[in-house]
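Visitor: Can you read through this structure? Questions will come right after.
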Amino acid sequence: MAINWFKYAAPTTFYGLAGKLIPWFAVPAVILFATGLYIGFFVAPTDAQQGEFYRIMFIHVPASILSMFLYLVMAGYAALGLVFNTRLSAMMATAVAPTGALFAFISLWTGALWGKPMWGAWWLWDARLTSELILLFLYLGFIALHASIDDPRRADRAAALLAIVGSVNVPIIYFSVKWWNTLHQGSTIKFSGTTMHVAMQQALFTMLAACWLYAIAVVLARVRSIILERERNTAWIAELAEVKQ
Amino acid sequence: MTGLDVWMRENPLVYIWLGSYAVALLIFAVEIAMVKHKRKITLQQVRLMRNAGDEE
């Protein structure tokens, strides 16, 4: 059976689909969070060098990955909206930004908490840390710029340009540990393999999946409000069951 | 070493839980509450507009 994907590129059809999809992402996210935390704290062994402090990575690493990947998703949607003038793409970019910003904040916050016992400092102007901080500012800039322009379509275009230009920062964050001499450690998990204990890997990947599912669920919930707000003058919104109540 | 340094080394799991995981879960809870609040407010506005349109 062929699925017409373009059908769901319209806010009219995507609104209902998003509503149906939210529980399918939210419920597994809660289960995976609980499982990941259990493995991370009760199954994974204590690290030989870092002691218990390494357990921060089970939230720090997924938050960092999500902060970078969500930025690319946001910039991708923004570019689609700019090039093809599709309404839903711009709405999706707007919906992704706050979640991406929160993951960037969690990444910086948990990194500081790990840095204090390991490096002896909450913060260093290290390449990885500084570029991640710039990522947070780019998210905040996107949100602020979008909010500062009254006309939503003009706001979409202006914010899209910022998102696209800012995406150059993502590879800088990723490769910063290779390009510069930094205190931040490089990737422990590589395509060639890893020396990490299997329970640590299980906890890390479970938490990563949980963060992904959470991000998708919350973005879908947010985009439904954005669709409602932007399409409020249309007939299909007036006919919705939740509006008629 | 400050008092905080000594405390975090003596209670690493409490430090990790309260500092990282409790904060992250609190942030998620606040985000979910904000998304729900936004939906509630937006629905109210849309209903008001619809009712105002019906009265005209």
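Taken together, the values in this text are just the output of simple stated rules run on the coordinates, not laboratory data. Being a predicted model, the structure only gives us computed values, none of them experimental. All Cβ positions, even for glycine, are placed from backbone atoms using ideal geometry, and neighbour counts span all protein chains on display.
Visitor: Rounded to a whole number of µm²/s, how large is the Stokes-Einstein D of chain A at 10 °C and 1.306 mPa s, given Rh as the Kirkwood radius over C-alpha pairs?
Guide: Roughly 81 µm²/s, to the nearest whole number.
Visitor: I'd like the FRET efficiency for residue B:50 and residue A:137, computed as 1/(1 + (r/R0)^6) with the beta carbon distance as r and R0 of 35 Å, rounded to 0.05.
Guide: E(calc), rounded to 0.05, equals 0.30.
Visitor: Further, regarding this structure: Taking only the Cα atoms of chain B, how large is their convex hull per residue, in Å³?
Guide: 65
Visitor: I would also like to ask the following. Compute the orientation-averaged projected area for segment A:128-236 from the convex hull of its Cα atoms and round it to one decimal in nm².
Guide: Here the figure is 9.8 nm², rounded to one decimal.
Visitor: In debye, nearest 20, what is the charge dipole magnitude of segment A:65-162 about its Cα centre with +1 on Lys and Arg Cβ and -1 on Asp and Glu Cβ, if you could check?
Guide: In total the dipole reaches around 80 debye.
Visitor: With the crude spin-label approximation of a point 7 Å out along Cα→Cβ, what separation in nm comes out for residue A:20 versus residue A:192?
Guide: Here the answer is 4.7 nm between the modelled labels.
Visitor: Here's another thing I want to ask about it. Determine, at each q value in 0.17, 0.30 (inverse angstroms), the log₁₀ of I(q)/I(0) that the Debye formula gives when each Cα of segment A:1-57 is one equal point scatterer.
Guide: For segment A:1-57 at q = 0.17, 0.30 Å⁻¹, log10 I(q)/I(0) is -0.69, -1.09.
Visitor: Here's another thing I want to ask about it. Which of A:223, B:14, A:83, B:23 comes first, and how do the rest follow, when ranked by fewest Cβ neighbours within 10 Å?
Guide: A:83, B:14, B:23, A:223
Visitor: Turning to a different aspect of this structure: Where the centre of each part is set by its Cα atoms, how far does segment A:129-156 sit from segment A:1-80, in angstrom?
Guide: 22
Visitor: Shifting gears a bit: Which three numbers, in whole Å and largest first, are the semi-axes of the equivalent ellipsoid of segment A:82-145 derived from its Cα gyration tensor as √(5λ)?
Guide: Working from the Cα gyration tensor, I get semi-axes of 31, 11, 8 Å.
Visitor: Based only on Cα atoms, what mean projected area does the convex hull of segment A:1-120 have, in nm²?
Guide: Seen from a random direction, the Cα hull of segment A:1-120 projects 10.3 nm² on average.
Visitor: Okay, next question. Under a no-solvent Debye model with one identical scatterer per Cα of segment A:52-173, what's log10 I(q)/I(0) at q = 0.16, 0.17, 0.23 Å⁻¹?
Guide: Log-scaled intensity ratios, in q order: -0.71, -0.78, -1.20.
Visitor: Another one. Between A:197, A:146, A:184, find the one with the highest GNM mean-square fluctuation for chain A; connect C-alpha pairs within less than 10 Å.
Guide: Of A:197, A:146, A:184, the most mobile in the Gaussian network model is A:197.
Visitor: Which residue, chosen from A:237, A:215, A:195, occupies the Cα position most advanced towards the positive end of the dipole of segment A:168-245, where the dipole is computed from +1 (Lys, Arg) and -1 (Asp, Glu) charges on Cβ about the Cα centre?
Guide: After comparing all options, I get A:195.
Visitor: A follow-up question, please. Select from chain A the helices, each a whole stretch of DSSP H, whose alpha-carbon atoms run 18 Å or more along the helix axis and whose Kyte-Doolittle mean is at least -0.5; answer none if there are none.
Guide: Helix filter hits for chain A: A:11-38, A:57-84, A:87-119, A:127-148, A:152-166, A:198-230.
Visitor: Per DSSP H run of n ≥ 4, the term is -39500 (n - 2.57); total these for chain A, divide by its residue number, and report the mean residue ellipticity at 222 nm rounded to 500 deg cm²/dmol.
Guide: It lands at -25000 deg cm²/dmol.
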